[in-house]
Amino acid sequence: MQQVILSRFESDDQGTLGILSADGFVCKTLELPWRDNQHDISCIPIGEYESEMIVSKKYGNVYWLKKVSNRSGILIHSGNLAGDESRGFKTHSAGCILLGKYFGKLGGQKAVLASRIIVNKFKDFMNGDNFKLIIKNNEVSENV
């Protein structure tokens, strides 16, 4: 089973930035800030997760992370923002991992851009195959 690495490197109320890499593929990621793995408002814990392609009513064919502790419905999908709504930021994530080609800003908020294009490239690259996602912290602020 192929391994995919998500290295988180920065986190604040506007989201958690990272780099997703597989052998021959690299992109940017954005997740919610760390809020103790709480449903809908936190990124998921570091660790290893098996992933498989499923059909989502909202997103179509997407990768789903299996057996995430105390969580369900964690997907890898398109979106631009993943901020803490209780602190006035917008989000397109309820705990999922957003992929993008670039880091940037939308409405003054940290974002990943060209997301739909990169999600499709990632799905094509993975060819629908299952994989193991390894999430790790790489000098992340705020103890993510």
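Rule-based calculations on the coordinates, nothing more; no lab input. The shown structure was predicted, so the numbers you read here are calculated from the model rather than taken from an experiment. A quick note on method: Cβ atoms are made from the backbone with ideal geometry, for glycine too, and the neighbour counts reach across all protein chains shown.
Return the percentage of antiparallel bridges among DSSP beta bridges fully within the chain, rounded to the nearest 5 %. Around 80 percent antiparallel, to the nearest 5.
From its DSSP helices (H runs of at least four residues, each -39,500 (n - 2.57)), the chain gives a residue-normalised ellipticity at 222 nm of -2500 deg cm²/dmol.
In terms of its C-alpha gyration tensor, the stretch 77-128 has an oblate overall shape, because the principal axis ratio a/c (a ≥ b ≥ c, square roots of the eigenvalues) is not below 1.5 and a/b does not outweigh b/c. Electrostatic bookkeeping for M53 treats Lys and Arg as +1 and Asp and Glu as -1; over the other residues with beta carbon under 11 Å from its beta carbon, the sum is -1. Amide H to amide H distances under 5 Å link C43 with L32, W34, R35, where only residues 5 or more positions off or on other chains count and H is placed in the peptide plane. If you take the square roots of the eigenvalues of the alpha-carbon gyration tensor of the stretch 30-140 and sort them as a ≥ b ≥ c, do you get rounded (a/c under 1.5), prolate (a/b over b/c) or oblate? Oblate. To the nearest 0.05, how large is the calculated FRET efficiency for V68 and Y102 if R₀ is 25 Å and r is the Cβ-Cβ distance? Using R0 = 25 Å, I get an efficiency of 0.40. Scanning residues 5 or more positions from T91 or on other chains, those with amide H under 5 Å from its amide H are G83, with H placed 1.01 Å from N in the peptide plane. Relative to a virtual label point 7 Å from the Cα of K58 in the Cα→beta-carbon direction, which members of the stretch 23-51 show backbone nitrogen distances below 20 Å? Counting only backbone N, you get 29-45, 51. The residues neighbouring I44, those whose beta-carbon lies less than 9 Å from its own, together hold a net charge of 0 under the Lys/Arg +1, Asp/Glu -1 convention. Computed over the chain, relative contact order equals 31 percent, with contacts defined as Cα pairs under 8 Å that lie 6+ residues apart. Mind grabbing the base-10 log of I(q)/I(0) for the stretch 15-66 at q = 0.17 Å⁻¹? Debye formula, identical points on the C-alpha positions, no solvent, two decimal places. For the requested q values the scattering log ratios are -0.71.
Each peptide in 54-65, 17-28, 95-106 gets a packing score, the mean of other Cβ atoms within 10 Å over its residues, and the list from highest to lowest is 95-106, 17-28, 54-65.
For the stretch 1-44, the mean projected area of the C-alpha convex hull, equal to one quarter of the hull surface, is 3.6 nm².
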